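Have a look at the structure below before the remarks.
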Amino acid sequence: MTEKNIELEGVDPREFYGTGNSHLAQISSIFPKLKLVARGSSLKVLGEKKEADKFEKRFEALLKYYSKYGHISPEVIDQLMRDGMKTEDAGAAGADVILYGNNGNVIRARTANQRKLVKQYDTKDLIFAIGPAGSGKTYTAIALAVRALRNKEVKRIILTRPAVEAGEKLGFLPGDMKEKLDPYLQPLYDALNDMIPAAKLAKFIEEGTVQIAPLAYMRGRTLDNAFVILDEAQNTTLPQIKMFLTRMGRNAKFIVTGDITQVDLPRPSDSGLTKALELVTPIKGIGAVMFDKGDIVRHPLVKQIVEVFDRYTARKMQESGMNGSLAHIGDHGKKTT
């Protein structure tokens, strides 16, 4: 008879063992000859030495998987504990999975351009993700940010967008500064709430690990060891987007998302996103992914709505002699994947 004590370092036992200890029960059923006693962040293993050694090796692989992906499922437990699969092989089984969100929700790259964005992340420190509403630009970017934080690739996530009214005059908003600005930033909160448990997200926001702020608050900052996302970048002027891009510090990842067909500035011609793309995407280390209506993952009608508006916009631009194509930037993005 041998006894081993395994510490669950950096792991929340309640999340790891599952609701009602369901994951622990499954693990116990795979090793019926062992007695497992869980006390807080410590797991005591009692049984024959050979079986306990085998358990310890496989359990460490399971802990490694959980630390990397932030989630385990019954399938993963079977792969690692019963079949002895390596952590890397189990991770590869879900090739397009970016991370596991709340309640085991699988967040994956669902379209070709979403996968392209995920791939460019490995080689580019600054990426532009441009395309229509509903194509998953911001959601995929935030998923990459949460994964980077879980993997300790960065120390904080900073999400920002310009506080520009979408074609409406909202007038006076009551409350303090945070309450006035939160309506503009709510889409970012919505995405984070899918990926980080509410209590943990509140703690992250309180301690500054996750920061959500309007673009004006970025001025004067140097953003080191951070994953920074500028959302709705079509509503920035050229000086504003220059200010944002020059905040980039050491060990930083920047993703800029926007839809050039939905500019909410009083004068749409003031949008600096298109010009910024033309100026900086030729620089080595900067990538661009041009999403299109084929990437739209919302209600099927959204794709048709985007199509009719695109045709209308193209016709108006043709009538006025303008050419708003960004095809050359899309080609550059393809070359840099």
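The values are calculated or read from the model by the stated rules, or taken from the named source; none is laboratory data. Bear in mind that the values here come from a model prediction, so they are computed numbers and not experimental data. Glycine also receives a Cβ, built like all others from the backbone with ideal geometry; neighbour counts cover every protein chain displayed. Surface areas here come from the heavy atoms of the whole protein model, side chains and all, with no ligands, DNA or RNA. Shrake-Rupley method; radii C 1.70, N 1.55, O 1.52, S 1.80 Å.
Observations, loosely collected:
- In range of the label at residue 200: residues from the stretch 125-149 whose backbone nitrogen is under 15 Å from the point 7 Å along Cα→Cβ: 143-149
- Cβ-defined net charge surrounding residue 272, 11 Å radius [Lys, Arg +1; Asp, Glu -1]: 0
- Across the accessible surface of the stretch 15-54, with the other protein chains kept in place and a 1.4 Å probe, carbon and sulfur atoms take up 51 percent.
- Pairs over the 21 Å Cα-Cα cut-off, from the set 68/119; 137/316; 35/200; 119/303: 137/316; 35/200; 119/303.
- Using the Cβ-Cβ distance between residue 222 and residue 48 with R0 set to 45 Å, the FRET efficiency works out to roughly 0.20.
- Anisotropy class of the stretch 1-141 from Cα gyration tensor, a/c 1.5 cut: prolate
- Phi to ³J(HN,Hα) by Karplus 6.51 cos²θ - 1.76 cosθ + 1.60 over the stretch 27-35, Hz, x for Gly, Pro: 4, 4, 5, 6, 10, x, 7, 9, 9
- Annotation: peptides 156-162, 262-268, ranked by per-residue average of other Cβ atoms within 10 Å with the highest first, follow the order 156-162, 262-268.
- Sites residue 75 and residue 123 - FRET efficiency at Förster radius 45 Å, r taken between beta-carbons, to 0.05: 0.90
- Solvent-accessible area of residue 311 with every protein chain in place, 1.4 Å probe, in Å² to the nearest 10: 140
- The HN-Hα couplings worked out from phi for the stretch 41-51 by the Karplus form 6.51 cos²θ - 1.76 cosθ + 1.60 (θ = phi - 60°) are 8, 10, 10, 8, 10, 10, x, 5, 4, 4, 5 Hz, whole numbers, x standing for Gly and Pro.
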